[in-house]
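Data first, discussion second: the structure below is written as structure tokens.
Here, each number is a calculation from the coordinates, and none is a lab measurement. All values derive from a computational prediction rather than experimental measurement. Note that each Cβ is placed from the backbone with ideal geometry, even for glycine, and that neighbours are counted across all protein chains shown.
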Amino acid sequence: MNPSNVSADDLNDPTIDAETLREIAIARPDLRGLILQHPNCHAELANFIQDTPEGTPPGYSGEQTYGGQPPYGYGAGPYAPYAPQPPVSVSDEKTWGVLMHIGSLFLGFLAPLIVWLIYRDRSQTLDQQGRTALNWQISAVIYAVVSSVLMFILVGFVTLFAVAVLDIVFCIIAAVKAGDREAWRYPLSIPFLRDSIEPRPQGGQYY
């Protein structure tokens, strides 16, 4: 990107890094107001823009403003770029998937919630399994509350027992599926969290 040829529309690109924004600010003083609104314009860059005269030549490097430190997002130190976490391994994916569903029998929705929040960005399978497990656990709580109310007419004792049995059966089935890295949608669950589970191909696996 040539800083001298940048237009106002080009600054709508959120991927422009801070160093490029600094070069544009030097070459195009008329765009400094838009640069200050860019999401990658950090405090040091804003101070640099405000303290740099508009007549600064394009070759000015601005080392004095940064005090000899590398520009934001470069090198080590507090401004080092964020490194995304690696994907979950196949064995860990199976292990956490099984623990997510079995743990629901003892911890309720807390087990899938914790696993889902930790691994949803690192594993598509665990993300889908967490969504389906949470949908069922929340639904089971609702069914249990309704059953408690229905106890006044005795029907609630039957429905509450049925919910408890279904919870055990569903969690075991889901755990077995998780051992094959398969996300399974619990029957009778209310879809609070949308999933993208598709029918499993014959003889195929999720990767």
**Message:** Run the simple label-point estimate for residue 188 and residue 153 please: 7 Å along Cα→C-beta, distance reported in nm.
**Reply:** 1.9
**Message:** For the pair residue 198/residue 99, report the inter-label distance in nm, with labels modelled 7 Å from Cα in the Cβ direction.
**Reply:** 3.1
**Asked** If one computes the Cα centroid of the range 134-174 and of the range 12-53, what distance in Å separates the two points?
**Response** 57
**Asked** In nm, what is the difference between 0.36 nm times the number of residues separating residue 12 and residue 51 and their Cα-Cα distance?
**Response** 11.7 nm
**Fill in**
Here the range 177-191 yields Karplus 3J(HN,Hα) values (6.51, -1.76, 1.60; θ = phi - 60°; whole Hz; Gly and Pro given as x) of 4, 5, x, 9, 6, 10, 8, 10, 7, 5, x, 6, 8, 7, x
**Asked** Got a sec to turn the phi values of the range 35-41 into Karplus ³J(HN,Hα) couplings, 6.51 cos²θ - 1.76 cosθ + 1.60 with θ = phi - 60°, whole Hz, x for Gly and Pro?
**Response** 5, 5, 8, 5, x, 9, 8
**Asked** How much length, in nm to one decimal, is gained on full extension between residue 146 and residue 164, taken as 0.36 nm per residue of separation minus their Cα-Cα distance?
**Response** 5.2 nm
